[in-house]
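Engineer: Here it is, the structure in full.
The values are calculated or read from the model by the stated rules, or taken from the named source; none is laboratory data. Since this is a predicted model, take the numbers as computed values, not measurements. Neighbour counts run over all protein chains shown; Cβ positions are idealised from the backbone, glycine included. For the accessible areas, the whole protein counts, side chains as well, though only heavy atoms, and no ligand, DNA or RNA atoms are used. Shrake-Rupley method; radii C 1.70, N 1.55, O 1.52, S 1.80 Å.
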Amino acid sequence: LQADELAREMSSALAQVGRLTSNLQEQIQRARMLPVDTLFRKFPRMVRELAQKAGKEIEFTIKGEETELDRSVIEEIGDPLMHLLRNAVDHGIETAEERVRAGKPAKGQIVLEAFHEENHIIISVRDDGRGIDPARTRASAVRKGILSEEAARRLSDAEAINLIWAP
């Protein structure tokens, strides 16, 4: 009888320790979360300065800045996001004159957005610029020694565009 009672008390105590541990872990994870705004707020000035230097008109929009990420993730994605935004300004968005000739508004659009999708946080950088030119990407890969001219010619346009991810 005493052994059964002791086992029930131990089981109850272990269940309570489990609940407390789960609670503590949840609190710690919540404390590590920061809104992506802590990262995103440094980009409008950078985009504005790059656009002025390149002589381009750009409207930069940020969405989802209240979305929360672990602080270590925020620290890791800062440089890659900066690189993507620089590429959008430098290579994606055309000059106002080029845009007007192509039938687009003179001012280009760049959108930086964070949002939840299922159990993931998605960070998106979009622009309404000219897109990636597969021929220029092939030429750049050859110039940088990533591919031979022959190998570059054999690539499909989709494969050529994927060269942007080559180290």
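Engineer: On the given criteria, is Arg71 among the basic types (Lys, Arg), surrounded by 12 or more Cβ atoms within 10 Å (Cβ to Cβ) and farther than 30 Å from Ile161 by Cβ?
Structural biologist: yes
Engineer: Among the residues of region 101-119, write down those that are of a type in the set (S, T, N, Q) and modelled with pLDDT of 95 or more.
Structural biologist: Gln109
Engineer: Right, something else. Using the structure shown, decide if Thr21 is touching a residue at least 24 places away in the same chain (Cβ under 8 Å) and either over 22 Å from Ile110 (Cβ atoms) or surrounded by 11 or more Cβ atoms within 10 Å (Cβ to Cβ) (or both).
Structural biologist: Here the answer is no, as Thr21 does not meet what is asked.
Engineer: While we're on this one: Can you find, within region 156-167, the residue that is surrounded by the fewest Cβ atoms within 10 Å (Cβ to Cβ) among those that are hydrophobic (A, V, I, L, M, F, W, C) and closer than 22 Å to Arg86 by Cβ?
Structural biologist: The selected residue is Trp165.
Engineer: Additional query: Here are the criteria: (1) open to solvent by less than 90 Å² (accessible area, probe 1.4 Å); (2) farther than 30 Å from Ile93 by Cβ; (3) among the hydrophobic types (A, V, I, L, M, F, W, C). Tell me which single one Leu6 does not satisfy.
Structural biologist: Result: Leu6 passes all but (1).
Engineer: Also, quick follow-up: Kindly list the number of the only condition in (1) within 30 Å of Thr67 (Cα to Cα); (2) touching a helix residue (DSSP H, G or I) at 6+ places or on another chain (Cβ under 6 Å) that fails for Arg138.
Structural biologist: Arg138 satisfies every listed condition except (1).
Engineer: Here is a further query. Over 26 Å from Ile164 (Cα atoms), touching a Phe, Trp or Tyr at 6+ places or on another chain (Cβ under 8 Å) and buried (at least 16 other Cβ atoms within 10 Å of the Cβ) - does that describe any residue in region 97-114?
Structural biologist: Looking through region 97-114, none of the residues is over 26 Å from Ile164 (Cα atoms), touching a Phe, Trp or Tyr at 6+ places or on another chain (Cβ under 8 Å) and buried (at least 16 other Cβ atoms within 10 Å of the Cβ).
Engineer: Taking interchain pairs and intrachain pairs at least six residues apart, which have beta carbon atoms under 6 angstrom, with the first residue in region 52-67 and on the phi < 0 side of the Ramachandran plot and the second among the hydroxyl-bearing types (Ser, Thr, Tyr)?
Structural biologist: Every condition considered, the pairs that remain are Lys56/Thr95.
Engineer: Being without any contact (Cβ under 8 Å) to a residue 12 or more places away in the chain and open to solvent by less than 50 Å² (accessible area, probe 1.4 Å) is the filter; apply it to region 122-155 and report the residue that is nearest to Ile58 (Cα to Cα).
Structural biologist: For region 122-155, the residue satisfying everything is Val142.
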